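Trainee: Structure provided below as structure tokens; questions to follow.
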């Protein structure tokens, strides 16, 4: 059975071509970006979990989506024990820059609109921003 993490490794979160101005990133896509990042940046899984929980609190309409993503996040250590060569090993990080940049910016906007959950949402945004830095001309 393919996991959600494997699915995310095999396809972009945001399917191009897409004008993100007219069709902004969805909360499901933000959750997918957080889940994919947790699979790659495992030492920050607790902060990513907290960001997902904060999103569920801020938007009860996506609570079920958050629960599914949290279940995948909890399964991650088990998946890594079962298969040390997760598809994340073959993921092209450069292809994911745009979607991750949009996701962390959107998390910051959600944090600004929800001050009680801002700490957790901004921590999630910080992880996305630091793990997926924008490319520079030198690179």
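Trainee: Give just the number: which of (1) out of contact with any helix residue (DSSP H, G or I) (no Cβ under 6 Å at 6 or more places or on another chain); (2) in contact (Cβ under 8 Å) with a residue 60 or more places away in the chain; (3) closer than 18 Å to residue 118 by Cα does residue 68 not satisfy?
Mentor: Among (1) out of contact with any helix residue (DSSP H, G or I) (no Cβ under 6 Å at 6 or more places or on another chain); (2) in contact (Cβ under 8 Å) with a residue 60 or more places away in the chain; (3) closer than 18 Å to residue 118 by Cα, residue 68 violates only (3).
Trainee: What helices (runs of 4 or more DSSP H) lie completely within the stretch 1-58 and have 1 or more residues being under 10 Å from the mean Cα position of the chain (by Cα) and at pLDDT 90 or above?
Mentor: Ranges flagged: 27-40, 45-58.
Trainee: Could I ask something else about it? Every residue in the stretch 75-87 that is in a helix (DSSP H, G or I) and either at pLDDT 90 or above or buried (at least 17 other Cβ atoms within 10 Å of the Cβ) (or both), please.
Mentor: 76
Trainee: Quick one: how many residues across the stretch 17-26 are free of Cβ contacts under 8 Å to residues at least 40 places away in the same chain and over 19 Å from residue 62 (Cα atoms)?
Mentor: 5
Trainee: Taking only the stretch 27-41 into account, find how many residues are surrounded by 21 or more Cβ atoms within 10 Å (Cβ to Cβ) and in contact (Cβ under 8 Å) with a residue 40 or more places away in the chain.
Mentor: Adding up the residues that qualify gives 6.
Trainee: Identify, from the list 96, 68, the residue that is surrounded by 13 or more Cβ atoms within 10 Å (Cβ to Cβ), at pLDDT 85 or above and closer than 14 Å to residue 39 by Cβ.
Mentor: 96
The values are calculated or read from the model by the stated rules, or taken from the named source; none is laboratory data. A quick note: this is a predicted structure, and the numbers were derived from the prediction, not measured. Here Cβ is always computed from backbone atoms with ideal geometry, including for glycine, and neighbour counts include all displayed protein chains.
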